[in-house]
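Enquirer: Shown below is the structure under consideration.
The values are calculated or read from the model by the stated rules, or taken from the named source; none is laboratory data. These numbers were taken from a predicted model, which means no experiment stands behind them. Cβ placement follows ideal geometry from the backbone for every residue including glycine, while neighbour counts extend to all protein chains displayed. The accessibility values were calculated without ligands, DNA or RNA, using every heavy atom of the protein model including side chains. Shrake-Rupley method; radii C 1.70, N 1.55, O 1.52, S 1.80 Å.
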Amino acid sequence: MVENNIPEEIAAAPAADISLQNPPKPQNTFLRGCACLGKAMMSLLLVALGLLFFSSFMESYIASDYGTEGYSKSRTAILAIQMAISSYKLEYKKLPLPDPYPQKDVSVRSKGAWIAALMGKDEILNPKSIKFLEIPAAENGKNGTYQDKGAWVVTDLWGAEFYVVMDVDLDTVIANPQARPDDIGDRIPQEIKYPVIIYSSGTDGNPNTWADNIGNWW
């Protein structure tokens, strides 16, 4: 017979209290997985919406020709006209405007005798025949120079003549064509401190819609 050698203290110890009333709750991995999947889907949705918005913005941006070669060409022509006027004024001590010479600021389009004078093709306004303005020939009447019934014209990328305002009274202040009488503050100033301002009417051909216009003072 095998003797019971277990000490009395151990033998007298109570059995472990194993209670089944509050068993540990098993982890619901299915629900937790669904939650993680939902967060991932939401993140993907936000990314997709962001990409859609960015794509639409870029399409509008490119459609307006901003940042493209076409936009650059129109702005280059604007700056070329500005430099030509400055050079003419330095040479002849006046603006390339026919008689009777105006006394106040004058608004013109990029067509006629004053354009011919800058190109060295008008002996009355430019008796020295200096070529102040050299712009490539237009293609189909767009983005360059051409003759319209004998009158020299400079057009923008879309075939429209540029708008030009010259500071004839030499106060270096020109009324801002973008400003409206009800504009308040400095957001759109009423006056521009420039000797000459030149702008294109942009893709829509409307000089009053400024979102797509191209100017030399901004």
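Enquirer: For segment 78-88, what does the Karplus curve 6.51 cos²θ - 1.76 cosθ + 1.60, with θ = phi - 60°, yield as ³J(HN,Hα) per residue in whole Hz, taken in order and with x for Gly and Pro?
Expert: With the stated coefficients, segment 78-88 comes to 4, 5, 5, 5, 4, 5, 5, 5, 4, 5, 4 Hz.
Enquirer: Here is a follow-up. Whenever you get a sec, line up R187, R75 from highest to lowest accessible area (probe 1.4 Å, protein heavy atoms).
Expert: If we order R187, R75 from most to least accessible, we get R187, R75.
Enquirer: Under the 0.36 nm per residue contour assumption, what length would be gained going from the current alpha-carbon distance of D169 and K193 to full extension?
Expert: The span from D169 to K193 would gain 7.4 nm if fully extended.
Enquirer: In sequence order, what are the phi-derived ³J(HN,Hα) couplings for segment 158-166 according to the Karplus relation 6.51 cos²θ - 1.76 cosθ + 1.60 with θ = phi - 60°, rounded to whole Hz, with x for glycine and proline?
Expert: Using θ = phi - 60°, the values come out as 9, x, 9, 6, 6, 9, 10, 10, 10 Hz.
Enquirer: Looking at segment 120-218, which GluC sites (Glu not before Pro) are in a loop (DSSP not H, G, I, E or B) and have at most 14 other Cβ atoms within 10 Å?
Expert: In loop regions of segment 120-218 (DSSP not H, G, I, E or B), the sparsely surrounded GluC sites (Glu not before Pro) are E123, E134.
Enquirer: Within the set K73/K193; K111/K142; K111/K149, which residue pairs have Cα atoms separated by over 18 Å?
Expert: Beyond 18 Å between Cα atoms: K73/K193.
Enquirer: Here's another thing I want to ask about it. Label points 7 Å out from Cα along the Cβ direction at Y146 and R109: separation in nm?
Expert: Once both label points are built, they end up 1.4 nm from each other.
Enquirer: In whole Å, how far is the Cα centre of segment 109-167 from that of segment 71-95?
Expert: 11
Enquirer: Same structure again: Estimate the FRET efficiency between K94 and T209 by the formula 1/(1 + (r/R0)^6), using the beta-carbon distance for r and 25 Å for R0, to the nearest 0.05.
Expert: For K94 and T209, the calculated efficiency is 0.15.
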